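Peer 1: Have a look at the structure that comes next, please.
The values are calculated or read from the model by the stated rules, or taken from the named source; none is laboratory data. Quick caveat: nothing in here was measured; it's all calculated off a predicted structure. In this analysis, Cβ positions are derived from the backbone assuming ideal geometry, glycine residues included, and neighbour counts consider all displayed protein chains. We work out accessible area using only protein heavy atoms, side chains counted, and drop any ligands, DNA or RNA first. Shrake-Rupley method; radii C 1.70, N 1.55, O 1.52, S 1.80 Å.
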Amino acid sequence: MAQRIVIENAAIATVDARDTEYTSGHVVVADEVIESVGAGRAPEGLTDVVRRIDATGHLVTPGLVNTHHHFYQWITRGLATDHNLFDWLVALYPTWARIDEQMTYAAAQGSLAMMARGGVTTAMDHHYVFPKGSGDLSGAIIRAARETGVRFTLARGSMDRSEKDGGLPPDFAVETLDGALAATEATVNEHHDASFGAMTQVAVAPCSPFSVSTELLRQGARLARHLGVRLHTHGSETVEEEKFCHELFGMGPTDYFESTGWLGEDVWMAHCVHMNDSDIDAFARTRTGVAHCPSSNARLAAGIARVPDMLAAGVPVGLGVDGTASNESGELHTELRNALLVNRLGPHREAALDARRALRLGTYGGAQVLGRSAEIGSLEPGKLADLVLWRLDTLAHASIADPVTALVLGAAAPVTLSLVGGRAVVEDGRLLHVDEDAIARSTRDEARRLARIAAGD
Ligand SMILES: [Zn+2]
């Protein structure tokens, strides 16, 4: 018999295709899936109810989905704070190239804890720094995600174009072409789960046009399609990247990606800030997804992505915090808020995005770009029970007229409960499966150890 959790008396934003909302409604969870969602109280006569929650004063939404991150950066926050992307990368690569398994594990724990505590139920990590002899970094990251209790995609990154080949990273920070492909394939074979409700998936994710050879992009795309997994990379982030692509490849980033097999419905790309109309058309035509990272784009002075135009063209768009070396907060609520605010500074002004579209980007849009919209991203019967109860009846939010507006434009709302596949991960703002204080200490210690090693002590 199914074990049921009944949630009642909540405002509910389902983020389904019709944006159905209830001012006072119920959600019934049966084991790992949503059994029913609707107005008023839950149906009478439910059996095997293990928990009944009076959610008065709360908004229930799908769990937030983060679509772009670099966990290891948790231990290099607050450095190179006044740089553009390329200068920031060049400043930080030498430190990043010294990470080891213990540091990577601690940084992943910190990143995951921060996101889970703030209502993220599906996380991702684009990890592309694999120093020689640094241990099983992918295994350490996946272990941290399992322990935290969130659903997880590891985008197994790679870099093989160093300074000597005209790239940006130093020679000692990159892998070989063959080494990167073999390690990526092994990671997929060991960890990727394609089944409904999978907790761990793996994507093939060479880092960017300026740190990866054309051959690694080509062969990476072939490998991903051979293995049946998704493809992820950075694209069209800055004017400097655009210039780099024109100088080296004689074309802009989107044309370059198309020429290497990197547009398609199994691809999602971070940033996509510098896109002309024909680039957006190419993404829409091929159903290539975008991870919009407004805080990072502002922190690195990259520009404003044309999200309203992408959505109008039918491009799937999710949200990403990006690495916390370029977005020190590391939580997704800021991205909901900044997606709305930053896009209103663009040409569409007040028509750019509203609170409901911002919430959709952070939930269903994220599920789409991760290829999981049949499982997560909206509250509908049969989907996985990944949901959050946001408390909106305290000082910060109680006087805001509309609950979705309160969630998106108000301060970060406390999480009373978050469920991942029906299993509680956060309760009354506290992580249930990991020790937040211990993680704060270990991340501080590992950040200091990395700084010492990088300084040559
Ligand atoms: Zn990134």
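Peer 1: At S278 and A17, where each label point lies 7 Å from the Cα along Cα→Cβ, what is the point-to-point distance in nanometres?
Peer 2: About 3.4 nm, to one decimal.
Peer 1: In terms of the Cα gyration tensor, with a ≥ b ≥ c the square roots of its eigenvalues, is the stretch 291-380 rounded because a/c is under 1.5, prolate because a/b exceeds b/c, or oblate?
Peer 2: Oblate is the answer for the stretch 291-380, as a/c is 1.5 or above yet b/c matches or exceeds a/b.
Peer 1: Could I ask something else about it? Give, rounded to the nearest 20 debye, the magnitude of the charge dipole that the stretch 271-408 has about its Cα centre when Lys and Arg contribute +1 at Cβ and Asp and Glu contribute -1 at Cβ.
Peer 2: 120 debye
Peer 1: For the stretch 137-215 and the stretch 251-309, write down the distance between their C-alpha centroids in whole Å.
Peer 2: 20 Å
Peer 1: Give me the percent of DSSP beta bridges within the chain that run antiparallel, rounded to the nearest 5.
Peer 2: Percent antiparallel among DSSP bridges in the chain is about 45.
Peer 1: Next question. Can you send over the carbon and sulfur percentage of the accessible area for the chain, probe radius 1.4 Å, protein chains only? The partial results should precede the final answer.
Peer 2: Numbers: 8310 of 16710 Å².
About 50 percent, which is the carbon plus sulfur part of the accessible surface.
Peer 1: If you don't mind, another one. Modelling each spin label as a point 7 Å along the Cα-to-Cβ direction, I'd like the A186/V50 distance in nm, to one decimal.
Peer 2: With each label placed 7 Å out from Cα toward Cβ, I get 3.8 nm.
Peer 1: For the stretch 241-286, with every protein chain kept in place, what is the accessible area per residue (1.4 Å probe, Å²)?
Peer 2: Solvent-accessible surface per residue comes out at 40 Å².
Peer 1: List the lysines whose Cα sits under 22 Å from the Cα of K164, skipping any in the same chain fewer than 8 residues away.
Peer 2: K132, K243
Peer 1: Further question: Can you give me the relative contact order of the chain as a percent, contacts being Cα pairs under 8 Å and 6 or more apart?
Peer 2: 20 percent
Peer 1: Then there's this: How much mean residue ellipticity at 222 nm does the chain get from its helices, if each DSSP H run of length 4 or more adds -39500 (n - 2.57) and you divide by all residues, to the nearest 500 deg cm²/dmol?
Peer 2: Mean residue ellipticity, 222 nm, calculated: -10500 deg cm²/dmol.
Peer 1: Something else about it: Leaving out ligands and nucleic acids, note down the accessible area per residue over the stretch 91-145 with a 1.4 angstrom probe, in whole Å².
Peer 2: With all protein chains present, the stretch 91-145 gives 25 Å² per residue.
Peer 1: Name the residue farthest towards the positive end of the dipole of the stretch 18-175 from the options M124, S138, I75, assuming +1 on Cβ of Lys and Arg, -1 on Cβ of Asp and Glu, about the Cα centre.
Peer 2: Of the candidates, I75 comes out farthest on the positive side.
Peer 1: In addition: When a/c is below 1.5 the answer is rounded, else prolate if a/b is larger than b/c, else oblate, so apply that to the chain with a ≥ b ≥ c taken from the square roots of the Cα gyration tensor eigenvalues. Kindly include the intermediate steps, with their values, before the conclusion.
Peer 2: Working: a/c = 1.70, a/b = 1.47, b/c = 1.15.
In terms of gyration-tensor shape, prolate.
Peer 1: Rounding to the nearest 10 and keeping the result within 0 to 90°, find how far the Cα-based axis of helix 137-148 lies from the longest principal axis of the chain.
Peer 2: 10 degrees
Peer 1: Moving on. Show me the ranking of peptides 126-139, 221-234 by mean Cβ neighbours inside 10 Å, starting with the highest.
Peer 2: Answer by packing, highest mean first, reads 221-234, 126-139.
Peer 1: Can I ask one more? Ordered by packing density, taken as the mean number of other Cβ atoms within 10 Å over each peptide's residues, highest first, how do 26-33, 103-110 rank?
Peer 2: Put in order of decreasing packing, that is 103-110, 26-33.
Peer 1: Using the basic label-point model (7 angstrom from Cα toward the beta carbon), what is the E247 to R448 distance in nanometres?
Peer 2: A separation of 4.1 nm, rounded to one decimal place.
Peer 1: Is there a quick way to get the dipole size of the stretch 27-71? I mean about its Cα centre, with the Cβ of Lys and Arg at +1 and of Asp and Glu at -1; what is the value in debye to the nearest 20?
Peer 2: 180 debye
Peer 1: Which of the three applies to the stretch 1-40, rounded, prolate or oblate, going by the alpha-carbon gyration tensor with a ≥ b ≥ c and a/c under 1.5 meaning rounded?
Peer 2: Because a/c hits 1.5 or more and a/b fails to exceed b/c, the stretch 1-40 counts as oblate.
Peer 1: Right, here's the next one. Please state the relative contact order of the stretch 26-116 as a whole percent: Cα pairs under 8 Å, 6+ residues apart?
Peer 2: 22 percent
Peer 1: Where the centre of each part is set by its Cα atoms, how far does the stretch 1-71 sit from the stretch 342-414, in angstrom?
Peer 2: 15 Å
Peer 1: So with the 1.4 Å probe, I'd like the accessible area per residue for the stretch 351-457, rounded to whole Å².
Peer 2: Per residue, the stretch 351-457 has 42 Å² of solvent-accessible surface.
Peer 1: Next question. With unit charges on the beta carbon (Lys/Arg positive, Asp/Glu negative), name the residue among A186, C207, L432 whose Cα is farthest towards the positive pole of the charge dipole of the chain.
Peer 2: After comparing all options, I get L432.
Peer 1: In degrees, nearest 10, range 0 to 90: what is the angle between the Cα axis of helix 101-117 and the longest Cα principal axis of the chain?
Peer 2: That helix lies at roughly 30 degrees to the long axis.
Peer 1: Still on this structure: Given the options G365, G410, V342, identify the residue whose Cα lies farthest towards the positive end of the charge dipole of the chain (+1 on Cβ of Lys, Arg; -1 on Cβ of Asp, Glu).
Peer 2: Toward the positive end, the furthest listed residue is G410.
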